[in-house]
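Scroll down for the structure; my scribbles are underneath it.
The values are calculated or read from the model by the stated rules, or taken from the named source; none is laboratory data. Here the structure is a predicted model, which is why all the values come from computation and not from measurement. Here the Cβ positions follow ideal geometry from the backbone for every residue, glycine too, while neighbour counts run over all protein chains shown. Surface accessibility is based on the protein's heavy atoms, side chains included, excluding ligands, DNA and RNA. Shrake-Rupley method; radii C 1.70, N 1.55, O 1.52, S 1.80 Å.
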Amino acid sequence: MGKIRIRVVKRTARELLEKYPGLFTRDFNQNKLLVSRLVETQSKKVRNLIAGYVTHLVAIREKKAKA
């Protein structure tokens, strides 16, 4: 089974990708810094979860674009 992400993480990640579509890449560390600048998170864990999900969504979009 895969990892289950909470609704706040998914919603925030999707909103960030809608507002800043060309800003995020497949690099987790870069996305982590961007998320920390754009969103005031409760903790490092939540910030990292959002950055990880953004990275995942970017990878899926790039994969779909190639197909």
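Here are a few things to note about the model shown:
- Across region 14-25, rounded Karplus estimates of 3J(HN,Hα) from the backbone phi angles (6.51 cos²θ - 1.76 cosθ + 1.60, θ = phi - 60°) give 5, 5, 5, 5, 5, 6, 10, x, x, 7, 8, 10 Hz, Gly and Pro being marked x.
- Helical contribution to [θ] at 222 nm, DSSP H n ≥ 4, -39,500 (n - 2.57), averaged over the chain, rounded to 500: -23000 deg cm²/dmol
- Share of carbon and sulfur in the accessible area of the chain stands at 52%, probe radius 1.4 Å.
- The gain in end-to-end length when the Asp27 to Lys64 segment is fully stretched comes to 11.5 nm, 0.36 nm per residue minus the alpha carbon separation.
- Charging the Cβ of each Asp and Glu at -1 and of each Lys and Arg at +1, and nothing else, the dipole of the chain about its Cα centre rounds to 240 debye.
- Loop-resident sites, the chain, for trypsin sites (Lys or Arg not before Pro), counting at most 15 other Cβ within 10 Å (DSSP): Lys3, Arg5, Arg26
- DSSP-loop GluC sites (Glu not before Pro) across region 1-57, with at most 12 other Cβ within 10 angstrom: Glu40
- Across the chain, C-alpha contacts under 8 Å between residues 6 or more apart give a mean separation that, scaled by the residue count, equals a relative contact order of 40 percent.
- Taking the longest Cα principal axis of the chain as reference, the axis of helix 28-38 is set at about 60 degrees.
- Relative to the longest principal axis of the Cα atoms of the chain, the long axis of helix 44-66 makes an angle of roughly 10 degrees.
- Straight-line reach from Lys44: taking Cα to Cα under 20 Å and skipping same-chain neighbours fewer than 8 places apart, the lysines in range are Lys3, Lys10, Lys32.
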